[in-house]
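The values are calculated or read from the model by the stated rules, or taken from the named source; none is laboratory data. Keep in mind that what you see is a predicted model, and the values were worked out from it rather than measured. Ideal geometry is used to build each Cβ from the backbone, glycine not excepted, and the neighbour counts take in all protein chains shown.
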Amino acid sequence: MTVVMLMSMTTTRAASSRTTHATRSETLRWEGTAWALVGAAWAVSAWPGFLIDWAGSPALPAAAGFALCALFAVWQSLAHGTPLGRVGERVLRVRPGRRRKSRAYVRGTVVVDTAVIGGSGVLWCVAAREFAWSETVTGGAAQVAAGVAFLAWGVLHIPAARRVRGGTADAPVVSRRVLGAGPMTVAPTGPEQTAALDAADAGHRKVRNGRLQRWVLNPPMRLVACSGALPHYAVLETTGRTTGRRRRTVVGVRRDPDSVLWLVAEHGSRAGYVRNLVADPHVRVHLRGRWRPGVAALVPDDDVAARLAAFPAHHARTLRRFATTPATVRVELAGAT
């Protein structure tokens, strides 16, 4: 197995052979091959009748393995803000004093990981056969499920490596966790690569925060904000620019005496509700127990830092932490409805 792994890793593109440093695309390709080999080793060694015998059909454990891989892909998407199935899109930036890793080093660590992780499943089944372990101890069904999940996870690396290869964000790898268990650390080689990584990171943070707010934070926050328990928050209702449906978002607000509300959008003009109000500025705001109509407008030339200074400290800290391209929105309120 290790020999096959080494042979597959020696195939590299001529364009990337000009440097001795391993790149993201190469590491993704190597890790994908490694996960596929580990998964195949685990699944085949635990397959009924090969090294061990266990009751039941392997179809159900195999289906469970695909489901497990899908759940992990969903978790990766939520945690890192990447589209489903786009493994390896998220990276960490290099810390001072860290050096880029050579191809020989990265390939060697991947081979060792593959041999240890893949060989452990095979040796477990060999020991189960030699010592006649019971089916409960052997856990053949669980190992088949895990093997199929590893195999599917490795296959997901193939399109990821192709997407990254040749792009401006195909940076050299600085460090690597065991078989890609988390974002790899990279070192940009120039301003163009730095800008590409920064743009990708901003996009990932926007997607991750948007999903977190939409599916986790917004539902309970809407109920609490409508109850009036959060004095510095309101529910902003806009009209969907494509669907025409009402869209409600919890926002932090700062109210002026002349019935003007100020809020800071974390992602500026890229935020969904900001794009809605740009298309249709007529909005409604649930404030202090009642709905009030208003007209909203993006204020691109406003000093966001000075505006945030007028907000409660905890809200300003949270917004600065998650914001990508913050921008100010002004809402002029009308009479009560």
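Here is how the numbers come out for the structure above:
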read-out	value
Any hit, the range 140-153, residues being touching a strand residue (DSSP E or B) at 6+ places or on another chain (Cβ under 6 Å) and assigned to a helix (DSSP H, G or I)	yes
Filtered residue count, the range 79-138, keeping only those that are assigned to a helix (DSSP H, G or I) and within 30 Å of Gln213 (Cβ to Cβ)	2
Criterion: at pLDDT below 95, over 28 Å from the mean Cα position of the chain (by Cα) and not assigned by TED's automatic domain parsing to the domain that holds Gly81 - qualifying residue of Arg292, Arg270	Arg292
Pairs, first farther than 13 Å from Gly272 by Cα in the range 246-259, second among the basic types (Lys, Arg), C-beta under 9 Å, six or more apart	Arg254/Arg307; Ser259/Arg292
Any hit, the range 305-313, residues being closer than 26 Å to Arg208 by Cβ, in contact with a Gly (Cβ under 9 Å, 6 or more places away or on another chain) and in contact (Cβ under 8 Å) with a residue 60 or more places away in the chain	yes
Pairs with Cβ under 8 Å, 6+ apart, first in the range 276-292 and in contact (Cβ under 8 Å) with a residue 40 or more places away in the chain, second part of a strand (DSSP E or B) and among the aromatic types (Phe, Trp, Tyr)	Arg284/Trp291; Val285/Trp291
Positions within the range 228-245 being touching a residue at least 60 places away in the same chain (Cβ under 8 Å) and more than 21 Å from Leu212 (Cα to Cα), in sequence order	Gly228
Members of the range 162-184 that are surrounded by fewer than 20 Cβ atoms within 10 Å (Cβ to Cβ) and either in contact (Cβ under 8 Å) with a residue 24 or more places away in the chain or under 12 Å from Gly88 (Cα atoms) (or both)	Arg162, Arg163, Arg165, Gly166, Gly167, Thr168, Ser175, Val178, Ala181, Gly182, Pro183
Residue in the range 114-136 that is surrounded by 22 or more Cβ atoms within 10 Å (Cβ to Cβ) and either touching a Pro at 6+ places or on another chain (Cβ under 6 Å) or among the polar types (S, T, N, Q) (or both) present	yes
Candidate set: the range 85-107, residues that are touching a strand residue (DSSP E or B) at 6+ places or on another chain (Cβ under 9 Å) and of a type outside the set (D, E, K, R); chosen: the one modelled with the lowest pLDDT	Gly88
